[in-house]
Amino acid sequence: MKYNKVDNEILERLRIICGTENVITDKEKLIDYSHDEYPRQEIKSYPEVVVKPRNEQEVAEVLKLANENLIPVTPRGAATGLAGGCVPVYGGIVLSLENMNRIIEIDKQNFVVVTESGVPLMKFFKEIEQQGLFFPPHPGDESAMIGGVIATNAGGSRAVKYGVIRNFVRGIEVVLPNGNIIQCGGKLIKNSAGYSLLNLFIGSEGTLGVITKATIAVVPPLASVVTLVVPFENIDSAINAVPEILRSNVLPMAIEFVELEPIILTEKLLNKSWPTKQGSAHLMIIIDAQDKDTALSFAEKVAEVCEKYNAMEVFIADTTDKQQTILEIRSHLYESIKNFTVEILDIAVPIAKIAEFVNNIHEIEKKYGIWLPTYGHAGDGNVHIHYMKGKFVNGEIIQLKESEWQPKLEEVIDKIIDLGLQLGGSITGEHGVGLVKKKYMGKMYSAEYLSLLKSIKNVFDPKNILNPGKII
Ligand SMILES: Cc1cc2nc3c(=O)[nH]c(=O)nc-3n(C[C@H](O)[C@H](O)[C@H](O)COP(=O)(O)OP(=O)(O)OC[C@H]3O[C@@H](n4cnc5c(N)ncnc54)[C@H](O)[C@@H]3O)c2cc1C
C-alpha cells in the first residue's frame, strides 16, 4: 500500500483541529510513540506525527483528513499492548486517546459507567470504588486505557468467574475511518436488533474504528475475598487440580499458575515476599463470596481438592494487605523477566488440555535448551510462555550469547503455536494479534475465514488507512 506523507499543509490542518499543543513532531518525543510493551526491539516504528484529540469531533476531523489524503492512522491507548498493535508500521499519524480521559457518568440506577476511552483502568477502578461499585475484569497492567482494553478484548485473571472485557461493554461510540460517528448498544443489557457491530468492534484492535466513548457494566463491591497460594512438587499436580477445583461447586474468580523462578525474581524486584518457596509450581486462587465465613468455607473446599492432588501446603491470605502483596507479585512477573524475554506468547487452550500443553512446553524447553518460563490463567486455559535469552541460575538471570538463542527462536515458537492449535487452542487468548501474531493467522483460520475478515475490513475501511498492517 502506498500512503502519502504528512506534509506541512496536513500538519497545519492537524494543528487547527487539535490545537498546536496537541500535535507532536519533535523526534525525541516521537520515540515514546514508536513501540508498545512487546519485548522485541525490532518491533518499533516511528510516526510522522502524534495527535492528541480532545473529543470525538476532533477524532472525526483527523480521520476524515487522513482518509481524504491517504495517510495511515494508528489509534493508541496506553501502549501496554504485547502484540505491537499500536505501533505505526507505515508511519503517518498516531492518534493518542490520552486527552480523552474523563469519566462522564456513574449511573448507579443502571449499574453502568459512561466514560471516554482514554481513561486509564487505575483511574476507573478508583473512581467507581469511591461510589461503592466494582469492575470485575482485571487485565494485569492498570495503566491500560478503557479504549485499549476494549479494542483488544482484554482478559486478566478474574475471567474464570466474570469473563473478559467483552462481557462488560454495553455500548460504545466509534469514529469510522471516513470520519462518521456511530453509536453501538447503550445502557441496555439485552439487544437482539441485527448484527452486533458492538461485538465486532470489541477486539478489532483499532482496525475498524476509533472507540471514543464506552458504557461499561459494573457491579456492587465484592463482599469478602480470600486468596490461596498452594505449592506443588511439580506443574503436573498443580494443573491437574484445576478441573476438579472447577467441579467442586466453588467458582473462584481467579486460578493462576506460576512457576517458582519468576516468583523469586519478582520478589527481588519489588522487595516483597510471596507466602512460600516450597515446590516448583504454585496455584494462586482468589475466591469471593457474600460474607467472610462463606468465603473461608469455599477456601476449605478448594484446599481439600488441592491436598488430594498432593499440595505441599495451603496458604490462606485473608487480609487485604496480604492479598494485595500476592496480586502485586503476580502482576509484575512480566516486568521481572522482561529484559531477557525475546518473545511472549499467550496461547489459550481448553482447560482440560492445560497440563498436556504445559508438559509439552517443558519437553520443548529440554530439547532445545531454552528457558521457557510459563505461567498464566489456569482457570481459563490462557498460558503465557516466554522465550528467554537468559538462564535462571541461583536466583538470577544469566545472559546467553546470541548464537545460543537466536538460531532456535523461530522453530521453537512455531512448535509451541502448532502444539496449542493441535490441542484446539487459539494463537492469542487476550493480547490480540496486532503485528506480531499476524503470521500465525493462516495456521489458525481457513482461507475462507480469512477472506471474510478481509471483506469486513474493506467494508469499514476501503482505503485501509486505519491501523494498517495489523491482524490480517
Ligand atoms: C505487565 C502487563 C500485564 C498485562 N496483563 C494483561 C492481562 O492480564 N490481560 C490482558 O488481556 N492483557 C494484559 N496485558 C496487555 C495489555 O495491557 C492489554 O492488551 C491492554 O488491553 C492494552 O491497552 P492499552 O490502552 O495499553 O492499548 P494499546 O497498547 O495502546 O493498544 C492496543 C490495541 O488497541 C488499539 N486501540 C487502543 N485504543 C483504541 C481506541 N480507543 N479505539 C480503537 N483502537 C484502540 C491499538 O491500535 C492497538 O491495536 C498486560 C500488559 C503488561 C505490560
remark   = Magnitude of the Cβ-charge dipole (Lys and Arg +1, Asp and Glu -1) of the stretch 124-191 about the Cα centre, nearest 20 debye, reported as 340
remark   = Taking the chain and counting helices only, DSSP H stretches of n ≥ 4 at -39,500 (n - 2.57) each over all residues, the nearest-500 ellipticity at 222 nm comes to -10000 deg cm²/dmol
request  = Please determine, in degrees from 0 to 90 and to the nearest 10, the orientation of helix 447-460 with respect to the longest principal axis defined by the Cα atoms of the chain, where the helix direction is its Cα long axis.
outcome  = 40
query = Is the shape of the stretch 2-144 rounded, prolate or oblate, going by the alpha carbon gyration tensor and its root eigenvalues a ≥ b ≥ c, with a/c under 1.5 for rounded and a/b larger than b/c for prolate?
reply = oblate
query = Put +1 on the Cβ of every Lys and Arg and -1 on every Asp and Glu Cβ in the chain; which of N199, Y309, S451 then has its Cα farthest towards the positive end of the dipole?
reply = S451
request  = Just rank T266, T74, fewest to most, by other beta-carbon atoms within 10 angstrom.
outcome  = T266, T74
In degrees, nearest ten, helix 320-331 long axis to first principal axis of the chain (Cα) = 70
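Got the relative contact order for the chain handy, in percent, Cα pairs under 8 Å and 6 or more residues apart?
16
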ask   = Expressed in nm to one decimal, what extension gain is obtained for the pair F111 and E142 from 0.36 nm per residue of sequence separation less their Cα-Cα distance?
value = 9.0 nm
task = Give, in nm to one decimal, the length gained when the segment between T276 and L200 is fully stretched (0.36 nm per residue of separation minus the Cα-Cα distance).
result = 23.0 nm
request  = Could you pull out which residues in the stretch 1-33 have an amide N less than 17 Å from a spot 7 Å beyond the Cα of E68, following the Cα-Cβ vector?
outcome  = 4-19
query = Taking N as the number of residues in the chain, what is its alpha-carbon radius of gyration divided by 2.2 N^0.38 Å?
reply = 0.99
ask   = Along its principal axes, what span do the Cα atoms of the stretch 280-385 show, with the longest given first and each in whole Å?
value = 48, 29, 24
Residue order, fewest to most surrounding Cβ atoms within 10 angstrom, among K123, K268 = K268, K123
remark   = Distance in nm between E300 and M1 label points, each 7 Å along Cα→Cβ, equals 6.0
key: 3J(HN,Hα) from dihedral phi, the stretch 398-408, Karplus parametrisation 6.51/-1.76/1.60, rounded to Hz, x for glycine, proline   = 9, 5, 8, 6, 4, 5, 8, 10, 4, x, 8
task = Beta carbons within 10 angstrom, averaged per residue: use that to sort the peptides 425-431, 439-445, 30-36, highest first.
result = 425-431, 30-36, 439-445
inquiry  = Under a Cβ-only charge scheme (Lys and Arg +1, Asp and Glu -1), can you give me the dipole magnitude of the stretch 160-270 about the Cα centre, in debye to the nearest 20?
reply    = 840
query = Placing +1 at every Lys and Arg Cβ and -1 at every Asp and Glu Cβ, with all other atoms neutral, what dipole size does the chain have around its Cα centre, in debye to the nearest 20?
reply = 980
key: At R0 = 22 Å, FRET efficiency that the Cβ-Cβ distance of E448 and L421 yields, to 0.05   = 0.80
Eligible lysines near K322 by straight Cα distance, threshold 28 Å, same-chain separation 8 or greater = K123, K126, K161, K268, K272, K277, K292, K301, K308, K338
message = Tell me whether the stretch 224-331 comes out rounded, prolate or oblate; compute the Cα gyration tensor, take square roots of the eigenvalues as a ≥ b ≥ c, and use a/c under 1.5 as the rounded threshold.
response = oblate
For the stretch 17-22, Karplus couplings with θ = phi - 60° (6.51, -1.76, 1.60), whole Hz, Gly/Pro x = 5, 9, x, 3, 5, 9
remark   = Looks like the stretch 389-472, by Cα gyration tensor root eigenvalues a ≥ b ≥ c and the a/c under 1.5 rounded cutoff (else prolate when a/b is bigger than b/c, oblate otherwise), is prolate
query = With Rg and the Kirkwood Rh both taken from Cα atoms, where does Rg over Rh land for the stretch 337-444?
reply = 0.95
task = Using a 10 Å cut-off on Cβ atoms, rank the peptides 310-321, 106-117 from the highest mean neighbour count down.
result = 106-117, 310-321
inquiry  = For the stretch 95-225, report the % of Cα-Cα distances exceeding 18 Å.
reply    = 50
request  = Let me have the relative contact order for the stretch 103-217, percent, based on Cα pairs under 8 Å that are six or more residues apart.
outcome  = 31
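So how do S331, S248 line up by other beta-carbon neighbours within 10 Å, fewest first? Let's see the in-between values first.
Details: S331 18, S248 15.
Starting with the residue having the fewest Cβ neighbours, the order is S248, S331.
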note = In degrees rounded to 10, the 0-90 angle between helix 260-270 Cα long axis and the longest Cα principal axis of the chain is 60
request  = Evaluate the Kirkwood expression for the hydrodynamic radius of the stretch 1-75, namely the inverse of the mean inverse distance over all pairs of different C-alpha atoms, and round to one decimal in Å.
outcome  = 13.2
ask   = Among P139, L423, N394, whose Cα sits farthest toward the positive end of the charge dipole of the chain (+1 at Cβ of Lys/Arg, -1 at Cβ of Asp/Glu, about the Cα centre)?
value = L423
query = Any idea how far apart M441 and E233 come out in nm if each label point goes 7 Å out from Cα toward Cβ?
reply = 4.6
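Quick note: the coordinates plus some simple rules give every number you see, no bench work behind them. As the structure is a computational prediction, the values presented were derived from the model and not from experiment. FYI the Cβ positions are ideal-geometry reconstructions off the backbone, even for glycines, and counts take in every protein chain you see.
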